[in-house]
Amino acid sequence: PGRTEEDGGSGKEDRRPNALAATRALSAPRAGGGDAGPAGRDGRRDDGGRRDGNDPNGRGRVRLAPVRPPEPARYVPPAKRRLLEMQRRAAEGLAGNHGPDGPDPVPATSEAAQRASWEKLHRTINGTVNRLSPRTIKPLIHGLFRDANLLRGRGVLCRSLLAASLASPDYAPSYAALMAVVNTKLPEVGELLLSRAVLSFRRYYRLRDRAAVSSTLALLGHLFNQGMAHELLSLQILTVLLEGDVPTEDSVDVAVGYLCTVGRRLSEVSPAGVHAVMERMRGLLHEGSIGRRAQYRVETLLKVKRGGFADYPPIPDADELDLVEEEDQITFDTGLDDPGLKMEDHLDRFRYDEDYDGGEEEWSKIRGE
C-alpha cells in the first residue's frame, strides 16, 4: 500500500511496485500450469525437463538421448546371395508341407527346386566356357557332360559361346571344338548355335559393326573347319562381303581374314569356289578401286594362296582340338539367306517343366553313351 497524508506523505497513493512482491508473484506457480519451472534470463522455460532454466549461464539447453552409430553394412558375394535367396525360396516352398516327422523335402518337380537346378546349370556352363582353352578342353568337356544337362541348357550354352567369341575371338577354335563334340551327341545344339551365328552375322553386317562381324566369322569359320557347316555358307559369306562394284576397305579386310581361316579346307571341298573368290580379289587389285591398306591385304592373301595356306591350318593345335572323326561329324546345310532361321531366345530363360523327371532320364541315357 502507498503512503497516505497521515504518514507524512503527499497524501497521494504511491503507485511504484514493490520489488519483493513482484519477485514472489513470478516465482509462484500459475493456476493450472502444472509443474512448469521458472523462465531463464533468455525467456526459455524448463518444461518437462526438456529445457534447463537453472543453467549458470542463463541459457536453456536441449537434452538429447544418446544416438547409437549404425552398424556397418556387410558385403555378401553374389554367389552367396543367390544361394541364400534359393534357400529362402525353398523354405517358402516347404511352408505348409509338414508331416508327422517334420517338414517334407521339396520335391524335384517343384518350381523352387527346378529354379535352383537351373541356376546351378547356368553357372556350370558359363564357368566351363570361361575356362576353355586347348590345354583344358578335354577335362572340361567331361565335366560339362557330367554336371550339366545340355538338353535343358542348350540355349545357355549357345549364348555363352557366342558372347565368348565376341569377347575373345582368338579362342574361337576351342569354342568350335567343344561344339563339335557336343554336336555328335546332340545335333539340335549344334544346329542352334549355327543358326544363331548366321543371324548374328546378318545383324552385325547390317549395322556395319566391323569388330562384331570379324568375331562372329571367326566362330563360323572354325565351325566349318570342324565339319559342322556346309561349304556353301562360306562361299555365300565371301560373296556378300565382296559384292558391289567397289566394296569397302573393311569388307575386303574381313573377307581376307575369313578366307585365311577357311582357305585350306575350302580349297579341298570346293576349289572352283575358291578360284572364283581369288579372281574377284585380283580384279579389285588391278582396278585400283580400293585403298592402299586393302590392296596390301589382298597382295598378302595372294601370297598365302600360292603357299597353299600353309600358315593357316584348319584346326590350330590339332593334337588338343581335333577331337571328332570326320565320318562321325554331322554337317548342316544352313544357308546365309535361309528364311526359317530362329534365335529361340526362350531357351535362355528359366521355364517350369512339368515333365522334369522325364527330361532328366533322357539326359542320363545320353550321358551314359
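Answer with yes or no whether residue 238 is part of a helix (DSSP H, G or I), touching a Lys or Arg at 6+ places or on another chain (Cβ under 9 Å) and open to solvent by less than 20 Å² (accessible area, probe 1.4 Å). For residue 238, the condition - part of a helix (DSSP H, G or I), touching a Lys or Arg at 6+ places or on another chain (Cβ under 9 Å) and open to solvent by less than 20 Å² (accessible area, probe 1.4 Å) - is met.
Would you call residue 347 part of a helix (DSSP H, G or I) and crowded, with 16+ Cβ neighbours inside 10 Å?
Judged against the criteria, residue 347 is a match.
Close Cβ contacts (under 6 Å, 6 or more residues apart or on different chains) running from residues in segment 230-253 that are polar (S, T, N, Q) to residues that are at pLDDT 90 or above and open to solvent by 10 Å² or more (accessible area, probe 1.4 Å) comprise 236/336.
Of 269, 254, 246, which residue is out of contact with any Cys (no Cβ under 9 Å at 6 or more places or on another chain) and open to solvent by less than 30 Å² (accessible area, probe 1.4 Å)?
Selected residue: 254, the only one of 269, 254, 246 that is out of contact with any Cys (no Cβ under 9 Å at 6 or more places or on another chain) and open to solvent by less than 30 Å² (accessible area, probe 1.4 Å).
Looking at segment 249-264, is at least one residue out of contact with any helix residue (DSSP H, G or I) (no Cβ under 8 Å at 6 or more places or on another chain) and modelled with pLDDT of 95 or more? Within segment 249-264 (the criterion being out of contact with any helix residue (DSSP H, G or I) (no Cβ under 8 Å at 6 or more places or on another chain) and modelled with pLDDT of 95 or more), the answer is yes, since at least one residue qualifies. Determine if segment 219-226 includes at least one residue that is touching a Ser or Thr at 6+ places or on another chain (Cβ under 9 Å) and at positive phi. For segment 219-226, residues touching a Ser or Thr at 6+ places or on another chain (Cβ under 9 Å) and at positive phi: absent.
Each row is one residue, and each column tells you yes or no for (1) at pLDDT 95 or above; (2) of a type outside the set (D, E, K, R); (3) in a helix (DSSP H, G or I); (4) within 22 Å of residue 264 (Cβ to Cβ).
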{"residue": "151", "(1), (2), (3), (4)": "no, yes, no, no"}
{"residue": "199", "(1), (2), (3), (4)": "yes, yes, yes, no"}
{"residue": "212", "(1), (2), (3), (4)": "yes, yes, yes, no"}
{"residue": "221", "(1), (2), (3), (4)": "yes, yes, yes, yes"}
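Checking 171, 175, 205 one by one, the residue that is in a helix (DSSP H, G or I), in contact with a Leu (Cβ under 6 Å, 6 or more places away or on another chain) and aromatic (Phe, Trp, Tyr) is 175 and no other. In the set 232, 194, 207, 199, only one residue is among the aliphatic types (A, V, I, L, M) and open to solvent by less than 20 Å² (accessible area, probe 1.4 Å); that residue is 194. For residue 148, indicate whether it is surrounded by fewer than 24 Cβ atoms within 10 Å (Cβ to Cβ) and over 30 Å from residue 356 (Cα atoms). Here the answer is no, as residue 148 does not meet what is asked. If the condition is being under 22 Å from residue 120 (Cβ atoms) and either touching a His at 6+ places or on another chain (Cβ under 7 Å) or among the hydroxyl-bearing types (Ser, Thr, Tyr) (or both), then segment 154-174 contributes 156, 160. Out of segment 275-323, which residues are open to solvent by 80 Å² or more (accessible area, probe 1.4 Å) and not in a helix (DSSP H, G or I)? 311, 312, 317, 322 - these are the residues of segment 275-323 that are open to solvent by 80 Å² or more (accessible area, probe 1.4 Å) and not in a helix (DSSP H, G or I).
The values are calculated or read from the model by the stated rules, or taken from the named source; none is laboratory data. No experiment lies behind these values; they were computed from the predicted model shown. Glycine also receives a Cβ, built like all others from the backbone with ideal geometry; neighbour counts cover every protein chain displayed. Areas reflect the complete protein model, heavy atoms only, side chains present, ligands, DNA and RNA absent. Shrake-Rupley method; radii C 1.70, N 1.55, O 1.52, S 1.80 Å.
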